[in-house]
There are 2 protein chains.
Amino acid sequence: MTDAQPRFLRPLKAPAENPGRTLSFGPEQPLVLDSGKRLSPIIIAYMTYGRLNAARSNAILVCHALSGDQFAASTHPVTGKPGWWDYAVGPGKAIDTDRFFVICANVIGGCMGTTGPASIDPETGQTFGLGFPLVTIRDMVRAQLMLIDALGIEQLLSVIGGSMGGMQALQWAASYPERVYSAMPIATAARHSAQNIAFHEVGRQAIMADPNWRGGDYALSGIHPSKGLAVARMAAHITYLSEAALQRKFGRQLHDRNALSFGFDADFQIESYLRHQGMTFVDRFDANSYLYITRAMDYFDLAADYGGVLAEAFRGSNTRFCIVSFTSDWLFPTIENKRIAHALNAAGANVSFVEIESDRGHDAFLLDEPELFGTMTGFLGAAAAARNIR
Amino acid sequence: MTDAQPRFLRPLKAPAENPGRTLSFGPEQPLVLDSGKRLSPIIIAYMTYGRLNAARSNAILVCHALSGDQFAASTHPVTGKPGWWDYAVGPGKAIDTDRFFVICANVIGGCMGTTGPASIDPETGQTFGLGFPLVTIRDMVRAQLMLIDALGIEQLLSVIGGSMGGMQALQWAASYPERVYSAMPIATAARHSAQNIAFHEVGRQAIMADPNWRGGDYALSGIHPSKGLAVARMAAHITYLSEAALQRKFGRQLHDRNALSFGFDADFQIESYLRHQGMTFVDRFDANSYLYITRAMDYFDLAADYGGVLAEAFRGSNTRFCIVSFTSDWLFPTIENKRIAHALNAAGANVSFVEIESDRGHDAFLLDEPELFGTMTGFLGAAAAARNIR
């Protein structure tokens, strides 16, 4: 494997700073996927924060969500904004980079440097597009394992993530229990619900309805299906918030005007906010990646691999678990998270469950939520103490 | 005014039977809109069921929702399906056409015969498109009042409707209290919430993102923005259901297959269901009408016309009210309906409030819900008895 700069998909804006590290895995290390297909070569783009200790025992893998990336705690190279988990990861923060070595990798199928549908298919010399094989949450975790192996880390002190990141944390604990000392899945589910599949399907149909999508082969044209992707993002964004938060933040307040326009401008603040969310997303995200990653989430059903019994996924596990949900999260509601905690209890695993009071919906896991950070600090502190990490 | 056949927008499928009655109002009877604009001439397409009694005292106005039309209780001329409220309206049913004269009119801005953006603009001789003036819920009610006047009905025994139909019922009671003996707003709100505006905005952006929309001027091209409208409908349709109903009805069941396809086909039943909802909707609905009617709902804020105090909208009203909500309706949740009931109480109005246990979400008002029908039967029966209607 070699270190190389990842290639960002055009016309994403140029990275403003170092886009991170990458590892390349050649033909001798193919990624064998759940679909049965083999992906090779692959590049994994990642970021690290803090220092790996001599015992290599202080590594924490942070797994990103659908629209996240490896820039958990550093300026995003495209948007110039702080990392998506800047509240949580850093010196002295809940995931304390003064103590821990934090790794965050762009998922397989992603668009920030890790091999995905915007990468070049070595067989054709062209962008994969829909020729990219479908990947699953387990495939994402397999790729992460290759990275962790390459970094010489025998056991992760913790795997932490929210939403799709939480799915990965669960999959890590199920597939490689001996490699995971502790896991903290946040605002997630062990299987994607019908309603969540439905919202994803709307997003995919919005992308596919955009004539610039061209069956996924838009790379050659140089014109991206930005309108479709923006609509997909807008629809998804509503599901990340709560009715109460929307009412509190926007209500029926008008945007830059004193009276209704009697037209289709963004009269209401919520409209201009949503339009902005859609428009800025297309600058940093690839439409085909959006299709692939939403599909991976839809396919996620951890119990299905264990005879339909979720507890079997964790039978005999020594991993410590902390499951976290938020009261106003209707995308990954408390009941879905409790289901995981129940299964872990049924499997005799070491598990704690915390429901955090917040009106900020699913997005709460990305926001400044002191109770989340307190929970993290306590959970990671206990794990570190048990592993003699100072 | 004259009776005429409504012109259905092409390429909607040809009506399978009588598309209903219409009334035309000429230049001497313009519709003066909230925007200040005047719309003239206008056509109102409507259906009636049952017979008006000699005292003209047994008329019930049924108001349709966003995607509804005048075919409440008769075969839809485009789809060939039963009327959207066939469960509720008919001989011996809750809204008993053996006793009552039921009127249902396509709203102004609609696409089933009433003047809307697909109508011909008399000033240009071309389809209105976005040249159609924005209409409000109050404008819809004003047009209905013209119809009721034309039918020689002094007072409606009741105005009943769900969702946007409930908004109209509220507006009727507020604007013309002496014309409304009773009102039954179901699964509705006195103002559209930020979240609901957000979902509507996604739908509108999906339509406007479709290049076939052509700034609203698609009529000339003959090609409709069907993909955009289908995506809008899919997104909206999710909001009409409940998570529990989706889980019960579809869960993660696969569609016409035994295993995941590892592709973007409709693997899951919920996907094929949603796609079907989108595809069939475009056969019967006009994309511009969808823009206008969603906008009318967004603009609805009844209290705003009364100094921000909802109770003032009903001060001194003699109308009897029955407010109905459904436990699993998250689009127009119980709390929004209770707010109406509280305002009516504060205004000293005659009001009852019923929350019906159902896991079918917002759509419950359109489905076979015995408790809803029992409530209707009781409420209408009491109103009829008070008015000496047999």
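Before moving on, here are some points about what is shown:
- When A:Asp121 is tested against the conditions (1) among the acidic types (Asp, Glu); (2) touching a helix residue (DSSP H, G or I) at 6+ places or on another chain (Cβ under 6 Å); (3) buried (at least 24 other Cβ atoms within 10 Å of the Cβ), the lone failure is (3).
- When A:Gly80, A:Gly50, A:Gly68, A:Gly36 are screened for being of a type in the set (Gly, Ala, Ser) and modelled with pLDDT under 95, only A:Gly80 passes.
- Region B:172-195, residues that are facing another protein chain (nearest Cβ under 9 Å) and out of contact with any strand residue (DSSP E or B) (no Cβ under 6 Å at 6 or more places or on another chain): B:His192, B:Ser193, B:Ala194, B:Gln195
- Residue count for region A:324-365, restricted to those that are crowded, with 16+ Cβ neighbours inside 10 Å, among the hydrophobic types (A, V, I, L, M, F, W, C) and closer than 23 Å to A:Val180 by Cα: 11
- Number of residues in region B:1-33 that are at pLDDT 95 or above and of a type in the set (Val, Ile, Thr) equals 1.
- Looking across region A:192-219, the residues that are farther than 20 Å from B:Tyr240 by Cα and not basic (Lys, Arg) come down to A:Ile207, A:Met208, A:Ala209, A:Asp210, A:Pro211, A:Asn212, A:Trp213, A:Gly215, A:Gly216, A:Asp217, A:Tyr218, A:Ala219.
- Lone qualifier among B:Gly166, B:Gly203, B:Gly215 - being within 16 Å of the chain's Cα centre (by Cα) and part of a helix (DSSP H, G or I): B:Gly166
For (1) among the aromatic types (Phe, Trp, Tyr); (2) more than 14 Å from chain A (Cβ to nearest Cβ); (3) within 19 Å of B:Gly109 (Cβ to Cβ), each residue gets a yes or a no:
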site: B:Thr136; (1), (2), (3): no, no, yes
site: B:Leu145; (1), (2), (3): no, yes, yes
site: B:Leu156; (1), (2), (3): no, yes, no
site: B:Ile160; (1), (2), (3): no, yes, no
site: B:Ser163; (1), (2), (3): no, yes, yes
site: B:Leu170; (1), (2), (3): no, yes, yes
site: B:Phe199; (1), (2), (3): yes, no, yes
site: B:Trp213; (1), (2), (3): yes, no, yes
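- Members of region B:228-249 that are over 18 Å from A:Trp330 (Cα atoms), within 8 Å of another protein chain (Cβ to nearest Cβ) and in contact with a Phe, Trp or Tyr (Cβ under 9 Å, 6 or more places away or on another chain): B:Gly228, B:Ala230, B:Met234, B:Lys249
- Residues being in a loop (DSSP other than H, G, I, E, B), under 23 Å from A:Ala287 (Cα atoms) and not aliphatic (A, V, I, L, M) - total across region A:86-114: 6
- For B:Ser221: the one exception among (1) buried (at least 24 other Cβ atoms within 10 Å of the Cβ); (2) closer than 30 Å to B:Gly131 by Cβ; (3) more than 7 Å from every other protein chain (Cβ to nearest Cβ): (1)
- Members of region A:303-359 found to be in contact with a helix residue (DSSP H, G or I) (Cβ under 8 Å, 6 or more places away or on another chain) and of a type in the set (Asp, Glu), listed by number: A:Asp305, A:Glu312, A:Asp329, A:Glu355, A:Glu357, A:Asp359
The values are calculated or read from the model by the stated rules, or taken from the named source; none is laboratory data. Since the structure is predicted, the reported quantities are computational estimates derived from the model, not experimental observations. Positions of Cβ are backbone-derived with ideal geometry, glycine not excepted, and every protein chain shown enters the neighbour counts.
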